[in-house]
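Engineer: Quick one: this structure, given as structure tokens, is what I'll be asking you about.
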Amino acid sequence: MKNMKISIALLLLVTMVVSVVGCGAQETTAPKEEKTSTTSSASVETEYVEIQEMEPVEETETEQTYDVVVIGAGGAGLSAAIAAAEKGANVVMLEQRSVVGGNTSWSGAGMDIPENWVQEAQGIEDSKELYIDDTMKGGDGTNIKELVNTLAENALPTAEWLRDTVGVEFMDDFQKHFGGHTVARAIVVKGGVGSQMILKELEKALELGVTIKANTKAESLIQDESGRVVSVTAQNTLGQDLTFNANKGVVIASGGFAGNVEMRSKYRPELDDSVKTTNTPGHNGDGIVMAQELGADTTHMEFIQTYPFAFPTTGKITFVADTRMYGAPMVNIEGNRFINENDRRDVISKAILSQSDGFGYMVWDESILTEARTLEIYGEEYEQLISDEVLVKADTLEEAADFFGINKDELAKTIQNYNSYATDAIENGTDTKVADKEFQRNAKMATVEKGPFYIQKVIPSVHHTMGGLVINPDGSVKNTDGDTIPGLYAAGEVVGGIHGNNRLGGNALTDISVFGKIAGESAAQAE
Ligand SMILES: Cc1cc2nc3c(=O)[nH]c(=O)nc-3n(C[C@H](O)[C@H](O)[C@H](O)COP(=O)(O)OP(=O)(O)OC[C@H]3O[C@@H](n4cnc5c(N)ncnc54)[C@H](O)[C@@H]3O)c2cc1C
């Protein structure tokens, strides 16, 4: 066990440092795989960290006992493990992959926190009530209100815990305003990538003595005669069958089921294998299946979110398309706008898929690119999009339109109209919802007028499964009779009901951190 802890710590120290000044990059040292890139501008310094893979380790004991067993080493699992260890529990984490972090490490690291410190510095007024209201409206009121209240109540204290105790670094002058939120309230982890948060959480977990078993897939849960969950069976990639006993509790934090085509198309037949996913490999709903075998209840399984702005080539999410938050409009192949670009993800996804070619095309100019800090934060992705030929940079709008075969005459008219709405919003202070006479855009507007111009082709991809296990506010799992299953807790995307039928951007990281911490504390304190 000790060897594993040490090897992870060493791997984290092996880094490649890349310094970027303007658009040029200089590599200073380059050990394999793990890398840190640093960009500086007048006001932002960003870092990207990739967590390195771990080799399988042969277990000398196939049955081991801890206080708390956590299944899945993503953001929810790490929050749970740290919180449990802080309460004095001896914790083990089981992670099926060779690398920890799950979807959390790929995330854009935007976390909705009402009344946060960046809002305070920027003079943005917010409240827990407004956040609850936005989250409930985002889910069309189908959310489990009791859990949304817990989310709102604990959002700020949990963010402060991540910042002050765990050591997660957030940008102190930058926020995101995701669709469906009345105000900008998403603080962003430095680097704009969740791997940075995972790195800090991993370091903290190791410092607190948490044992991490990578390459180890949990397979089933075992109850004692009283019905209490007391063990997890697992198999590692060396083929060893293992049992992990839990004196106090088991926390399921295995993420959602976006990668399980059979499971998702059972609930949403149209989400078959023709639709790609934004997720990391291994989101197969294992935790849901394991808990269901013990009679656990599920809810909202049919609520599956597609993310509108993904790479047409791979299905991966594109953060470069965040330019929409800074003014970029979206058009179709006919050159016309067709939706409020900051509408809910389900609404935009549906609108894109109903266009004649099933794609959306984001349009922006150099000043929007600069305002969004695209090259500073997402320079690597930008290059990938260009090389995949799904993003074009051109001196004129016509040239950019020609690259994708967009009707350039219509596009010119569309941008002319859009610019007049944006000018009204900017110069007269008219609310964008009023200024945008066609689509009542509820986000920042900016004119698209000075080259170079950019057009990016996007497609929806399966992103988040809102359904999953039913929990109490203390993270304990309920069975189909509404009773608590003793010894069993769950947190993160494996849980259902918090987001209702539509999760708002930035709300998952809040959810996994808040409920991960709660579940870890509950498990550690279980009698
Ligand atoms: C590309 C992308 C960008 C996103 N950006 C944002 C954002 O900016 N803000 C936001 O709020 N949300 C964002 N989200 C959503 C958010 O990242 C996820 O909902 C969240 O990270 C889920 O956290 P989790 O801990 O529940 O699961 P994960 O982080 O996915 O971790 C689950 C872990 O469990 C492991 N596991 C699964 N089954 C087993 C098993 N049987 N045994 C052992 N281990 C197992 C998995 O391998 C994985 O490592 C984004 C999602 C994606 C895909």
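Taken together, the values in this text are just the output of simple stated rules run on the coordinates, not laboratory data. Model, not experiment: these values are computed from the prediction. Backbone-built Cβ (ideal geometry, glycine too); neighbour counts: all protein chains shown.
Engineer: Which distance in nm do the two modelled labels at GLU302 and LYS433 give, with both placed 7 Å along the Cα-to-Cβ direction?
Structural biologist: 3.0
Engineer: Let me ask you something else. Using helices alone, I'd like the mean residue ellipticity at 222 nm for the chain: each DSSP H run of four-plus residues gives -39500 (n - 2.57), total over residue count, nearest 500. Don't skip to the end; give the middle numbers.
Structural biologist: Details: 16 runs with 170 residues, N = 527.
After summing the helix terms and dividing by the residues of the chain, the value is -9500 deg cm²/dmol.
Engineer: Separate question: Figure the gain on full extension for GLN416 and VAL347 (residue separation times 0.36 nm, minus the Cα-Cα span) and round it to one decimal in nm.
Structural biologist: Values: separation 69, 0.36 × 69 = 24.84 nm, distance 2.51 nm.
Full-extension gain reported as 22.3 nm.
Engineer: Here's another thing I want to ask about it. Stretched out fully, how many nm does the piece from ILE386 to LYS145 gain, at 0.36 nm a residue minus the Cα gap? Don't jump to the answer; show the numbers that get you there.
Structural biologist: Details: separation 241, 0.36 × 241 = 86.76 nm, distance 4.33 nm.
82.4 nm is the gain from fully extending ILE386 to LYS145.
Engineer: At a Förster radius of 41 Å, what calculated FRET efficiency corresponds to the Cβ-Cβ distance of ASP357 and ASP164, to the nearest 0.05?
Structural biologist: Step by step, r from the Cβ atoms, then E = 0.25.
Engineer: Can you bin the range 145-230 into rounded, prolate or oblate? Criterion: square roots of the alpha carbon gyration tensor eigenvalues sorted a ≥ b ≥ c, rounded for a/c under 1.5, prolate for a/b above b/c, oblate for the rest.
Structural biologist: Since a/c reaches 1.5 but b/c is at least a/b, the shape of the range 145-230 is classed as oblate.
Engineer: Before anything else, pin down the relative contact order of the chain: Cα pairs under 8 Å, at least 6 apart, normalised by residue count, whole percent.
Structural biologist: 22
Engineer: When a/c reaches 1.5 or more, the comparison of a/b and b/c decides; with that in mind, is the range 307-462 rounded, prolate or oblate per its Cα gyration tensor?
Structural biologist: Verdict is rounded for the range 307-462.
Engineer: How far is it, in nm, from the label point at ASN245 to the one at PHE403 when both lie 7 Å from their Cα along the line to the Cβ?
Structural biologist: Using points 7 Å along Cα→Cβ, the separation is 6.2 nm.
Engineer: Can I ask one more? Classify the range 360-426: rounded, prolate or oblate, from the alpha-carbon gyration tensor (a ≥ b ≥ c, eigenvalue square roots; a/c under 1.5 rounded; otherwise prolate if a/b is larger than b/c)? It would help to have the intermediate numbers written out before the result.
Structural biologist: Details: a/c = 2.76, a/b = 1.23, b/c = 2.24.
Since a/c reaches 1.5 but b/c is at least a/b, the shape of the range 360-426 is classed as oblate.
Engineer: Counting only C-alpha contacts under 8 Å and six or more residues apart, can you give the relative contact order of the range 151-226 as a whole percent?
Structural biologist: Normalised by residue count, the contact order of the range 151-226 is 22 percent.
Engineer: Further question on the same structure: Report the gain in length on full extension from LYS128 to GLU449: 0.36 nm times residue separation, minus Cα-Cα distance, nm rounded to one decimal.
Structural biologist: 111.7 nm
Engineer: Note down the relative contact order for the range 242-318 as a percent, whole number, built from C-alpha pairs under 8 angstrom at least six residues apart.
Structural biologist: 31
Engineer: Something else: First measure r as the distance between the Cβ atoms of THR237 and LYS266, then evaluate 1/(1 + (r/R0)^6) with R0 = 25 Å and state the FRET efficiency to the nearest 0.05.
Structural biologist: 0.30
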